[in-house]
Amino acid sequence: MISRLKRMYANFQHNNVETQLLATGTLLSNQQKFINSDDIGDYEFKIFSQYGDDGIIQFLVNNLTIQNKTFIEFGVENYQESNTRFLLMNNNWSGFIMDGSEAAMESVRKRNWFYKYDLRTKAIFITRDNIKSCINEAGYKDLGLLHVDLDGNDYYILESIDFSALNPSILIVEYNAVFGNERPISVPYDPEFYRTKAHYSNLYFGASLPAFHHFATQKGYVFVGANKAGNNGYFIRKDLLNEKVKSKTIAEGFIQSTFRESRDQHGTLSFLRGNARYELIKGLPVWNVVTQQLEKL
C-alpha cells in the first residue's frame, strides 16, 4: 500500500510540473507579440525542447500561414525532450514521431497524456531506403513542420524524402557546427551509422549548415536563422515569407555551438571547446554534397 501511494504521489507531482510548464509556455508564447526583432533567437524559450526551440517554433507558427497543423519528427528518443511536444500539447497539432528504439516508443504510448492528442509513433532505424515508406505511412500532405535529428545520415535521409508530396511549411535540421559554416559537407553515407562508433569523440556526425542550405534552396526553401545553441537550422518555404519572418544568409544566421559534448576514448565527457573539437576529428572523410566528391575534414 505504501509503495502504491508513493507511485501515486510521484505521478501527481510529475503531472503538476507538466501542467505548470504548459501554462508557462502559453504565457511566453502570448508575450512574443511584444517582441520586435528579425532574429528568431530572440523569441526562444524552453518548455520541452533541449534548448530554446519551443519559442522559435511558436514564433514561426504564429506568424506564418500554415495550411495543415501537422508535424513529423525523427530521432525523438522517449519524447520527453523534443522540439514538437509543446506544439502537440499547446497548439493541439497532430504528429508522427519515429525513433530506433521500440522501448522509447512504448514509453511514449504509456504516458498518461498520450490518449489526449493525435500522436502516432513508429520504432524504426531510419535509412534512405526506408524513409519513403515511413513518410507514406504518416499519410500527410502539405505538412506543417518537418524536423530531422538523427545524429548521423541526416542529409541523405532528407535527400530521399519526396518533398513534392510532403511539402512542409517549416523545415528544421540539426547541423554539426563543428564542421564550420563554409563547406557543404556531410559524413559519408553508412546505412548502419552510429555516432559513437563512427568516432569515439561523438563529434563526427551529420552535416554542415551549408550542406543543408544547398539542399533546401534547391527545394524552394530559404534559411531564416538558427537557435542560439548553434545546433538547429530553420528553413521556411519561400512562398510563406513575410515581414515578420525574413530570410538570412548563412553568414548572417550561422551560430557556432559552445556546448561541450566531446568524449574521450573511454566514453567520458572530455569537455573540449572551440577549435579543439575540430582538431580532434580533422582529416576524417567527408562528402561534399555540391561537388559529389569525397574530401578530408
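A full extension of the chain between Ser37 and His199 corresponds to an added length of 54.4 nm, given 0.36 nm per residue minus the alpha carbon distance. Among His199, His266, the ranking by other beta carbons within 10 Å of each residue's beta carbon, starting with the fewest, stands as His266, His199. Phi angles across segment 207-222 convert, under the Karplus curve 6.51 cos²θ - 1.76 cosθ + 1.60 with θ = phi - 60°, into 3J(HN,Hα) values of 9, 7, 4, x, 5, 5, 5, 4, 5, 4, 5, 5, 9, x, 10, 10 Hz, Gly and Pro given as x. Running Debye on segment 208-278 with equal point scatterers at the Cα sites and no solvent, what base-10 log of I(q)/I(0) appears at q = 0.13, 0.17, 0.24, 0.28 Å⁻¹? Here log10 of I(q) over I(0) equals -0.48, -0.69, -1.02, -1.24.
Exposure proxy for Arg85, Arg120: other Cβ atoms within 10 Å of each Cβ, ordered fewest to most, give Arg120, Arg85.
Cβ crowding within 10 Å ranks Ser160, Ser270 as Ser160, Ser270, fewest other Cβ atoms first. Could you sort out which of Lys132/Lys197; Lys238/Lys296; Lys69/Lys132; Lys197/Lys282; Lys141/Lys246 sit more than 28 Å apart by Cα distance in this structure? As for pairs spanning more than 28 Å Cα to Cα, those are Lys238/Lys296. A viscosity of 0.692 mPa s and a temperature of 37 °C, combined with the Kirkwood radius over Cα pairs in Stokes-Einstein, give a translational diffusion coefficient for segment 162-264 of 225 µm²/s.
Each part gets one Cα centre, and for segment 52-130 versus segment 205-269 those centres are 20 Å apart. With only the Cα atoms considered, the chain has a convex hull volume of 141 Å³ per residue. Modelled spin labels at Phe125 and Glu81, positioned 7 Å past Cα toward Cβ, are 2.4 nm from each other. Considering helices alone, the calculated mean residue ellipticity of the chain at 222 nm is -9500 deg cm²/dmol, with DSSP H runs of length four and up weighted by -39500 (n - 2.57) and normalised per residue. Over the chain, what is the percentage of antiparallel beta bridges among all DSSP beta bridges, to the nearest 5? For the chain, the DSSP antiparallel bridge percentage is about 50.
Charge tally for Met98 (other residues, Cβ to Cβ under 9 Å; Lys, Arg +1; Asp, Glu -1): -1.
Coordinate-derived values only; no laboratory data. These figures come from a predicted structure and were not determined experimentally. All Cβ positions, even for glycine, are placed from backbone atoms using ideal geometry, and neighbour counts span all protein chains on display.
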